[in-house]
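A quick write-up on the structure given underneath.
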Amino acid sequence: MDFAAIMHDVNDFVWGPIMLAFLVGTGVFLTVRLKFRPWRNLPYAVKMILKKKDKTEGDVTPFQSLMIALSATVGTGNIVGVATAMVLGGPGALVWMWISAAFGLSTKYAESVLAVKYRETNDAGEMAGGPMYAMKNGIGGPIGKLLATLFAVFAVCASFGIGNMTQANSIAAAFNSSFGIDPALIGVILVLLSIVILFKGIQSIGAVSSVIVPAMAAFYFVMAVIVIVVNASALPAGISEIFRMAFAPDAVAGGVGGSIIASMLTAMRWGVARGVFSNEAGLGSAPIAAAAAKTDHASRQGYVNMTGTFFDTMIICVLTGLVIASSGALGTIDPATGKAVSGAQLTIMAFSSVFGEHARVIVSTSLAMFAFSTILGWEYYGEKSLEYLVKDHDILVAYRVIFSFMTYIGATQTLDLVWDFSDTANGLMAIPNLICLIWLSKQVAEECNDYEERVISKEKQGIEVNLSE
């Protein structure tokens, strides 16, 4: 058996039923332990995004922290991942993406709370935090240090795969198919842009993300809503079929799915897997950005950062799913391969039901912006994880250089093996992180209760509270 086949089998195991149950199960456990407050306080959390608190420690504003996290999560999964899930798992996979995201709110809240609670200040005066510091300082002892080291190693590996080369490859493929641009040219442009932005550090990443993420999300939102509204007559039947196939005990075919046949277990597997791939709840990546935020309470930033899962999966991914479901494109067979059209090509076909040839430009542009923002966010995650492992500044600078030039390799090479490697590293990151979340769930609940009593209960009465004063 060759290495590629072995890597594929390992990836299937890592993202198998046990891991998916662990991810969702942790979310369910935390939701119950936190008394459903992440759900109940979601409107409050959204209102908190733009609020600033003075006299607080941190490197970036709460909004910039969220945008960095969103820049890394809103990526190819929102366009390619949703389409892939609906082909492999049937249209019902969209429901399971939404369900996993609902419990993912609690997971994202908890890991962000721990990241802020246990963060440190490094030699450069910057915040250093994330699951590795929660493991080291919260769990402590040999077990905490071992889990922290494992997480950091897996995160560095994942940064080159899911956070870099696969994103660059998606950008190059999109522009090559839509505009005929040479992937090598795209690779050079990506290297130059990455170097310019990344070498200015976290403030630069935060500033760029604060512009790119809202702009690209707004653009994609408007385009998707237009398609859904124009195809509104087909939407009720599409939604009905989505829910029917999401809970079908046996493999069934659906009208909206064309030739696609799937059961509830298949829909659940691909919906949860692609949902987690998109919003990263439970993987432990987003808390690294949360730890950099200026905030007066760990729970405050926990609420702000958990909205990333809401925006990423409950809005953007669902919009992509509804565009596909209402367009009639799902289940279309590609004559060249004899298989159902999937990935970005399916999303383009769905948008073309309204925009015609312009759909390719819309989807390719959105995909490129989403993917490039992911590169920026994941560089920060990888660098902070590497910083935990080695304190040498020169090594960290070398990482930025290597990371930037790896985008060229990603843009110009076939990456089937890299995709499997990326998925595997992502899944392995989740294991120590989920163990940490369960281990320290009491501390998360205490922070949640404290914030509820000291802040939320008073702010709901119109009393402004600033804990930093």
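All of the numbers you see were taken from the coordinates with simple rules; none came from a lab. Just so you know, these numbers come straight off a predicted model, no measurement behind them. FYI the Cβ positions are ideal-geometry reconstructions off the backbone, even for glycines, and counts take in every protein chain you see.
Worth pointing out:
- Derived scalar couplings ³J(HN,Hα) [segment 442-456; Karplus, 6.51 cos²θ - 1.76 cosθ + 1.60; whole Hz; x for Gly, Pro]: 5, 5, 4, 5, 5, 5, 5, 5, 4, 5, 4, 6, 7, 10, 4
- In sequence order, calculated HN-Hα J values of segment 342-353 (Karplus, 6.51, -1.76, 1.60; Hz; x Gly/Pro): 9, x, 4, 4, 5, 4, 4, 4, 5, 5, 5, 5
- In the chain, helices alone account for a calculated mean residue ellipticity at 222 nm of -22500 deg cm²/dmol, with every DSSP H run of four or more residues adding -39,500 (n - 2.57).
- In this structure, LYS458 and VAL32 have a Cβ-Cβ separation that, at R0 = 22 Å, corresponds to a calculated FRET efficiency of about 0.30.
- The chain: proportion of alpha-carbon pairs further apart than 35 angstrom, %: 26
- Close amide H contacts of ALA128 (hydrogens built in the peptide plane, cut-off under 5 Å, sequence separation of 5 or more or a different chain): GLU120, THR121, ASN122.
- Ascending count of other beta-carbon atoms within 10 Å, so fewest first, for SER240, SER422: SER240, SER422
- Across segment 292-437, the volume of the C-alpha convex hull divided among the residues equals 181 Å³ per residue.
- Applying 1/(1 + (r/R0)^6) with r as the Cβ-Cβ distance of THR121 and ILE402 and R0 = 25 angstrom yields a FRET efficiency of 0.45.
- Gyration tensor (alpha-carbon) shape descriptor, segment 78-126, a/c threshold 1.5: oblate
- Per-residue HN-Hα couplings for segment 184-190 [Karplus 6.51, -1.76, 1.60; θ = phi - 60°; Hz; x = Gly/Pro]: 4, 5, 4, x, 4, 4, 5
- Within segment 76-138, none of the trypsin sites (Lys or Arg not before Pro) combine a DSSP coil assignment with at most 12 other C-beta atoms in a 10 angstrom radius.
- Sorted ascending by nearby beta carbons within 10 Å, beginning with the fewest, ASP9, ASP296 become ASP9, ASP296.
- FRET E, pair VAL211, LEU235, Förster distance 41 Å, beta-carbon r, rounded to 0.05: 0.80
- Summary value for the chain: 35 percent relative contact order, contacts being C-alpha pairs under 8 angstrom separated by 6+ residues.
- A straight Cα-to-Cα reach below 20 Å connects LYS117 with the lysines LYS51, LYS52, LYS53, LYS55, LYS108, LYS136, LYS145, LYS294, LYS384, LYS442, residues fewer than 8 places away in its own chain not being considered.
- Residue exposure sequence - TYR408, TYR133, TYR44 - by fewest surrounding Cβ within 10 Å: TYR44, TYR408, TYR133
- Each label point was placed 7 Å from the Cα along the Cα-to-Cβ direction; for PHE243 and LEU146 their separation is 4.8 nm.
- Compared with the direct C-alpha span, the chain from ASN449 to ASP334 gains 36.0 nm at full extension, assuming 0.36 nm per residue.
- Segment 60-214: C-alpha gyration tensor shape, a/c 1.5 cut-off, then a/b vs b/c: oblate
- About the centre of its Cα atoms, segment 3-459 shows a dipole size close to 1040 debye [charges on the beta carbon of Lys, Arg (+1) and Asp, Glu (-1) only; nearest 20 debye].
- Neighbourhood net charge (13 Å Cβ-Cβ; Lys/Arg +1, Asp/Glu -1) for GLY27: 0
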